[in-house]
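Accompanying notes for the structure given below.
A short reminder: the numbers here are calculations on the coordinates, not readings from a lab. Remember, predicted model here, so these are calculated numbers, not experimental data. Don't worry about glycine lacking a Cβ; one is built from the backbone with ideal geometry, like all the others, and counts go over all protein chains shown.
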Amino acid sequence: MAKEHNAYEAAGVDIEAGNQAVELMAEAVADTYTPNVVSGLGGFGSVYALDAGMQEPVLISGTDGVGTKLLLAIAANRHNTIGQDLVGMVVNDILAQGAKPAFMLDYLAVDKMRPKVAAEIVTGIAKAAKEAQIALVGGESAELPGLYQPHHYDLAAFAVGVAEKNRLLTNETVQVGDVLIGLPSSGVHSNGYSLVRQILGIHDDVKAFNDLPDHLQEEILAPTKLYTNALWPLVEQELVHSAAHITGGGLVENLPRALPKNVQAKISWGTWPILPIFKKLQEAGNLSLDEMLLTFNNGLGMVLMVPADKAGVILDQLAERSEPAYRIGEIVPAEADREPVFFEGDAPWPEK
């Protein structure tokens, strides 16, 4: 057995480093467990018990990664927040369907196992999972010499949420007169980073990134906002008709996914703050309004469609939980000469 171990190590895989990484991250992972977790790390699979008393439970699943934002985390040698981006990408999708986050698994692939770095990454995932109220029940760490450049790695996650079938958020209940409530993003989140890197000239990842002003580095690496605290209590009270997680494609491509064909979303410019990072990116890349709308969230990470007579209650509840929210528009009847999402007022950038 010792000879086999040495041969594998000679091939570039350090089993002991992998074991050490698991030990370093185990406590943080276990801290995410809810009473529903029957068994987590250690076996060949994890066991999760559905909540008793549900009449017709359905499972909502999602999977995603972080994308090229990873290159900037690697350049900064900062690995403690990139896990929140991973959690946000899968959990926010589940929430937008009206499901309560239940459990998730992560996948970390590295060029070489560095226990402290791996533990920092996974501990960051676990910390975000706890905030998002989802159990991190397991995952996989793979050392793949030759596949990744030195010090590079990749992240992915798979998550599951649970909902009563008749309480799922769908576009079927959206109607004319519904109010659009926008929940702000924390920044660029995890979409559009190939364009970010091109605009800012980050081709030599390490040097070019570290040559940026410190405040700009912080803005670019700001982790994705988690919306469990804001959205789930509203879903439980059946106050929301539909929701859209604003990711790649921005408002103009994600919001229509949460709308029926017979209505359109009218959004008013100036009803929410556009974060400075988006203004900097627009100026640096000389991007048109259409390019900004198709690539970035522009300050809104989640949009809710709610009954007009409940909008005030919802905004009050969000304020009580210290969750900023903005009334950004309304649902109107569809007209053939308009886009599914259209804007009124003075746009912040030129159309062309």
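General remarks:
- In nm, spacing of pseudo-spin labels at ASN77 and PHE158 (7 Å Cα→C-beta vector): 3.5
- Whole-angstrom gap from the range 162-218 to the range 289-352, using each part's C-alpha centre: 14
- Label-to-label distance, nm, for residues given as GLU344 and ALA319 (7 Å Cα→Cβ offset): 2.4
- With K and R counted +1 and D and E -1, the other residues having a Cβ less than 15 Å from that of GLU253 yield a net charge of -3.
- Summed residue charge, Cβ within 11 Å of ALA244's Cβ, Lys/Arg positive, Asp/Glu negative: -1
- Efficiency of FRET from Cβ geometry, ALA334 and LYS279, R₀ 41 Å, rounded to 0.05: 0.80
- When each of LYS112/LYS225; LYS69/LYS127; LYS225/LYS266; LYS69/LYS225; LYS116/LYS207 is checked by Cα-Cα distance, pairs over 21 Å: LYS112/LYS225; LYS225/LYS266; LYS116/LYS207
- Förster-model FRET efficiency, 25 Å R0, LYS266 and SER288, C-beta, rounded to 0.05: 0.75
- ³J(HN,Hα) computed for each position of the range 219-236 - Karplus, 6.51 cos²θ - 1.76 cosθ + 1.60, integer Hz, glycine/proline x: 5, 5, 8, 3, x, 4, 5, 9, 10, 4, 4, 7, 8, 4, x, 5, 5, 4
- Relative contact order %, the chain, counting alpha carbon pairs below 8 Å whose residues are six or more apart: 21
- Relative packing of peptides 272-285, 154-167 - highest average C-beta neighbours within 10 Å first: 154-167, 272-285
- Span from the the range 91-108 Cα centroid across to the the range 129-152 one, whole angstrom: 16
- Peptides 129-138, 259-268 ranked from most to least packed give 129-138, 259-268, packing being the mean of other C-beta atoms within 10 angstrom over each peptide's residues.
- Where labels lie 7 Å past Cα in the beta-carbon direction, separation of GLN237 and GLN175 in nm: 2.0
- Given R0 = 30 Å, the distance between the Cβ atoms of TYR107 and LYS207 translates into a calculated FRET efficiency of 0.55.
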